[in-house]
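Heads up, the thing below is written out as structure tokens.
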Number of protein chains: 2
Amino acid sequence: MGSVGLGRVLEPAGVLPQAAWRLDASPEIGPDEVRIRVRRLNLDAASYRQLAEKHAGDGAAIRAEVCEIVATRGKMHNPVTGSGGMLIGVVDEVGPGSPLPVKPGDLVATLVSLTLTPLRITDGLAGWDGLSEQVPAEGTAILFGRSIVGVLPDDLPPELALAVYDVCGAPALTDRVIRGYGRPVTVAVLGGAGKSGSLTLAAARAAGARTRAVVVSAAERDALLAAGLADEIAIADARDPVAVAAAVGEPADITVVCVDVPGCEHGAILATAPGGTVIFFSMATSFPAAALGAEGLAADVTMLIGNGYVPGHAEFAVGLLRRVPEVRALFEARIAGD
Amino acid sequence: MGSVGLGRVLEPAGVLPQAAWRLDASPEIGPDEVRIRVRRLNLDAASYRQLAEKHAGDGAAIRAEVCEIVATRGKMHNPVTGSGGMLIGVVDEVGPGSPLPVKPGDLVATLVSLTLTPLRITDGLAGWDGLSEQVPAEGTAILFGRSIVGVLPDDLPPELALAVYDVCGAPALTDRVIRGYGRPVTVAVLGGAGKSGSLTLAAARAAGARTRAVVVSAAERDALLAAGLADEIAIADARDPVAVAAAVGEPADITVVCVDVPGCEHGAILATAPGGTVIFFSMATSFPAAALGAEGLAADVTMLIGNGYVPGHAEFAVGLLRRVPEVRALFEARIAGD
């Protein structure tokens, strides 16, 4: 059990690193650990949004709070949203017992959350203006034996690969759920113009589904129209259940929530046909709101907690990006806009 | 859309009743509504536990806070836990457009959460000592057109039927998931000696599964041993992931979480085999802890948000209670102990 990082937990004792309040982030590695020299953090969208709203967009204050969280907790685990993000860096040292397929010098992305990754920042994030989720950083991070790490592909810029890896669970799980139905299905994606949303639309279409996207603005609709990833596109506020149901129209077999704001549970449930499936891929999802909402609506739908891990998910998502230039263009525009 | 109760939402506008901060609980009914004369509330276990801990078991203070919540919000929706409970009462008036199969004078239980049920209390809960989840109450409650209500069976005491209805989603969904595998499976139930846990064990066995229970104490183990519902029983703290995994042993195909305390996500994930399913039936479940925990453990498991509604769930659960006297005995002991 050492391989899940129990030895790095400082408090409370006995929990796993993700549930811990504080981790030991010291750079000396154990026999099955790997140390990474950090280059860049990619903060989870819900976490960055919370910090930006709290500090009214004051970059210096946002930067100071991220430094404070990491110093206090030994990891970038936003105590309000409960979410983290990912990082890229260079493998520095590999313990003799590590099962991970990496060697010193590899440029890698961690595919496990920052909420369970021991992290030490040594530059005070001096290279970051606090105004974007992409955080240049110096320091060290630790990977355990039971972890997931991806060597960055040679043919993609690191920022692009990192952005894809960050959301690669959504397209892979959507693909699996579609194939489980064994018949033609309709997939509605709330937040279809975003990173996880556009990859999910591409995955749904590749799996033979009819696709509907719900987006928040005319600008997003136009971007998605140009990309041609959705058979139908409607504009609605994902937090307004009546508007979402109207936008989706005929209820979908599968609804995927890719909108990182609270309050999207009921619209997703209303938009889904009896016997259908809702996949929640937003960290802003409320468990009781989903459970009680479906019950209160007498909705016979299967509700999945979006698991960020599906075997082969990183390769699957990178493959979609390579095969569908429109998805790559959406990602590049998002990264340029960050 | 009027049938989901939008007209009862006072603030914020545009959300469904479950997401609302405040409902209009006035007793005059609309054309498709039903008014119930309340007899008893059954508070959700997580909600009652939070109130009891906050007030250190002071019954008068617990009672005052429940009255205060209902007066403020127009519903019994615990703002900390986000959960509610159910109620029993007598049908008072049925709107001419109501699709619900009830008539005035029927003794019924609401099978939708109190978090979305307009509720007015008129007796200050004078008949309740604040020391149990079972709350004698006078007042009125409103049901919408799209709702779920169960007429109480003649052959069971109302308290017993209410306790069964309160948790009837868990055995029905577990049955469906077991049958979906189409092969013999092992089902582990965390909190197997409780109400939802014991019904879930009975459902799993009836569906042909091998059953394992994890309970918190020797007293619970002995009660469950006497009932004979589990093939194996182990004692562990469900919040301790390493202990839970050791207690379950060979990972289960399906793990059902029926423990109403926070922090059970990681143990459930560790106890489940690759390709398996975790069903979260506790309102204390944290969405990010589950999603990030599975990712952090590289766990290829399907995670379900326990939907309190499965068609026929109330009849299914009452049927189990009638057919398995040991389950009935466990329920009766729990109710007597409340």
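Quick notes on this structure:
- Taking the criterion of being assigned by TED's automatic domain parsing to the domain that holds A:Arg39, open to solvent by 20 Å² or more (accessible area, probe 1.4 Å) and within 30 Å of A:Val216 (Cα to Cα), the only residue of the stretch A:135-164 that qualifies is A:Pro136.
- Residue match in the stretch B:319-334 (condition: touching an Asp or Glu at 6+ places or on another chain (Cβ under 9 Å) and over 17 Å from B:Ser198 (Cβ atoms)): no
- Figure legend. Inter-residue proximity from the stretch B:278-294: first residues more than 8 Å from chain A (Cβ to nearest Cβ), second residues buried (at least 24 other Cβ atoms within 10 Å of the Cβ) and aromatic (Phe, Trp, Tyr), beta-carbon distance below 6 Å, spacing 6+ or different chains. No pairs are indicated.
- Scanning the stretch B:301-312 for residues that are open to solvent by 30 Å² or more (accessible area, probe 1.4 Å) and within 7 Å of another protein chain (Cβ to nearest Cβ), we see that the one that is farthest from B:Asp166 (Cα to Cα) is B:Thr302.
- The one condition in (1) in a strand (DSSP E or B); (2) more than 11 Å from chain A (Cβ to nearest Cβ); (3) at pLDDT below 95 that B:Asp92 fails to fulfil: (3)
- Test: residue in the stretch B:29-43 that is open to solvent by less than 30 Å² (accessible area, probe 1.4 Å), assigned by TED's automatic domain parsing to the domain that holds B:Gly127, assigned to a loop (DSSP other than H, G, I, E, B) and not charged (D, E, K, R): yes
- Whichever residue in the stretch B:56-88 is of a type in the set (A, V, I, L, M) and assigned to a helix (DSSP H, G or I) and, among such residues, is nearest to the other protein chains (Cβ to nearest Cβ): B:Ile69
- So A:Asp175, is it touching a helix residue (DSSP H, G or I) at 6+ places or on another chain (Cβ under 7 Å), in a helix (DSSP H, G or I), at pLDDT 95 or above and open to solvent by 10 Å² or more (accessible area, probe 1.4 Å): yes
- A count restricted to the stretch A:1-13 and to residues that are in contact (Cβ under 8 Å) with a residue 12 or more places away in the chain and within 14 Å of chain B (Cβ to nearest Cβ) stands at 7.
- Given (1) within 14 Å of chain B (Cβ to nearest Cβ); (2) open to solvent by less than 40 Å² (accessible area, probe 1.4 Å), number of the condition A:Arg239 does not satisfy: (2)
- The set of residues in the stretch A:157-172 being part of a helix (DSSP H, G or I) and closer than 24 Å to A:Gly89 by Cα consists of A:Pro158, A:Glu159, A:Leu160, A:Ala161, A:Leu162, A:Ala163, A:Val164, A:Tyr165, A:Asp166, A:Gly169, A:Ala170.
- Within the stretch B:67-81, the set of residues being open to solvent by 20 Å² or more (accessible area, probe 1.4 Å), under 18 Å from A:Ala289 (Cα atoms) and in contact (Cβ under 8 Å) with a residue 12 or more places away in the chain comprises B:Val80, B:Thr81.
- Selection of the stretch B:102-129 for residues being away from every other protein chain (no Cβ under 14 Å) and not hydrophobic (A, V, I, L, M, F, W, C) yields B:Lys103, B:Pro104, B:Gly105, B:Asp106, B:Arg120, B:Thr122, B:Asp123, B:Gly124, B:Gly127, B:Asp129.
- Only a single criterion out of (1) at pLDDT 95 or above; (2) surrounded by fewer than 20 Cβ atoms within 10 Å (Cβ to Cβ); (3) under 27 Å from B:Val318 (Cβ atoms) is not satisfied by B:Tyr48, namely (2).
- Residue satisfying all of: in the stretch B:119-163; within 20 Å of the chain's Cα centre (by Cα), modelled with pLDDT of 95 or more and not hydrophobic (A, V, I, L, M, F, W, C); nearest to B:Ser3 (Cα to Cα) among these: B:Pro136
- Scanning the stretch A:138-195 for residues that are free of Cβ contacts under 8 Å to residues at least 40 places away in the same chain and within 14 Å of chain B (Cβ to nearest Cβ) yields A:Arg179, A:Gly180, A:Gly182.
- Failed item in (1) within 30 Å of A:Leu116 (Cα to Cα); (2) part of a helix (DSSP H, G or I), with B:Leu320 passing the rest: (1)
- Answer residue from the stretch A:95-120, given it is more than 21 Å from A:Pro153 (Cβ to Cβ) and part of a strand (DSSP E or B) and is most open to solvent (accessible area, probe 1.4 Å) among those: A:Arg120
- The stretch B:46-57 residues that are in contact (Cβ under 8 Å) with a residue 24 or more places away in the chain, paired with ones that are aliphatic (A, V, I, L, M) and part of a loop (DSSP other than H, G, I, E, B) (beta carbon under 6 Å, 6 or more apart): B:Ala46/B:Met283; B:Ala46/B:Ala284; B:Gln50/B:Val80
- Verdict on A:Asp123 being in contact (Cβ under 8 Å) with a residue 60 or more places away in the chain and either surrounded by fewer than 16 Cβ atoms within 10 Å (Cβ to Cβ) or assigned by TED's automatic domain parsing to the domain that holds A:Thr285 (or both): no
- Per-region count, the stretch B:203-233, residues within 23 Å of B:Glu265 (Cα to Cα), open to solvent by less than 60 Å² (accessible area, probe 1.4 Å) and in contact with a Lys or Arg (Cβ under 7 Å, 6 or more places away or on another chain): 4
- Test: residue in the stretch A:14-26 that is farther than 26 Å from A:Phe281 by Cα, within 14 Å of chain B (Cβ to nearest Cβ) and either among the charged types (D, E, K, R) or without any contact (Cβ under 8 Å) to a residue 40 or more places away in the chain (or both): yes
- Within the stretch A:8-28, the set of residues being assigned to a helix (DSSP H, G or I) and closer than 29 Å to A:Val261 by Cα comprises A:Pro17, A:Gln18, A:Ala19.
- The stretch B:227-246, residues that are out of contact with any Leu (no Cβ under 9 Å at 6 or more places or on another chain) and either in contact (Cβ under 8 Å) with a residue 60 or more places away in the chain or acidic (Asp, Glu) (or both): B:Gly228, B:Asp231, B:Glu232, B:Asp237, B:Asp240
The values are calculated or read from the model by the stated rules, or taken from the named source; none is laboratory data. Just so you know, these numbers come straight off a predicted model, no measurement behind them. Glycine also receives a Cβ, built like all others from the backbone with ideal geometry; neighbour counts cover every protein chain displayed. The area values use the complete protein model at the heavy-atom level, side chains included, leaving out ligands, DNA and RNA. Shrake-Rupley method; radii C 1.70, N 1.55, O 1.52, S 1.80 Å.
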